[in-house]
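The values are calculated or read from the model by the stated rules, or taken from the named source; none is laboratory data. What you see is a predicted model; the values in this text were computed from it and never measured. Here Cβ is always computed from backbone atoms with ideal geometry, including for glycine, and neighbour counts include all displayed protein chains. Note: areas computed on protein heavy atoms with side chains; ligands, DNA, RNA excluded. Shrake-Rupley method; radii C 1.70, N 1.55, O 1.52, S 1.80 Å.
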Amino acid sequence: MHEMGIAMEVLKIVSEHLPKDQPVRVTRIRLKIGKLTAVVPDNFKFCLEVIAKDTPAEGAEVVIEEVPLEVLCEDCGAKSELTEALFICPQCESPKLKVLSGRELFVESIEVEEN
Ligand SMILES: [Zn+2]
């Protein structure tokens, strides 16, 4: 389950951004996750919950925004959003596609409150 590795990475980013001079509690973590990362949001939330135990991020609400997989066809120039696992242009069936979005995986914001 590759969600566990990503969750650890995210928790690391979160803890690096917490103020060092005062105790805080993370209330909400917002993430953007592209479809191409193949991260299953529910699995990911579960992993993060497990590893956040006994850290300032314990009990934080995890909000995941899924970024659709958008591609540009290099043959016909059509811009499409792929919803199926097939990696071909829906317009002309060309496999020569350039990924415009869908690879994203980042922490968009972290909300904290004083502890
Ligand atoms: Zn095409």
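Structure notes:
- log10 of Debye I(q)/I(0), alpha-carbon scatterers only, for the range 57-115 at 0.18 Å⁻¹: -0.66
- Ratio of the Cα radius of gyration of the chain to 2.2 N^0.38 Å, where N counts its residues: 1.32
- Burial ranking of peptide ranges 42-53, 72-83 (average Cβ count within 10 Å, highest at the top): 42-53, 72-83
- Area accessible to solvent at Glu70, 1.4 Å probe radius, in Å²: 70 Å²
- DSSP bridge analysis restricted to the chain gives an antiparallel fraction near 70%, rounded to the nearest 5.
- Rounded tilt (10° steps) of 41-51 against the dominant C-alpha axis of the chain: 30 degrees
- Against the main long axis of the alpha-carbon atoms of the chain, helix 3-16 sits at an angle near 50°.
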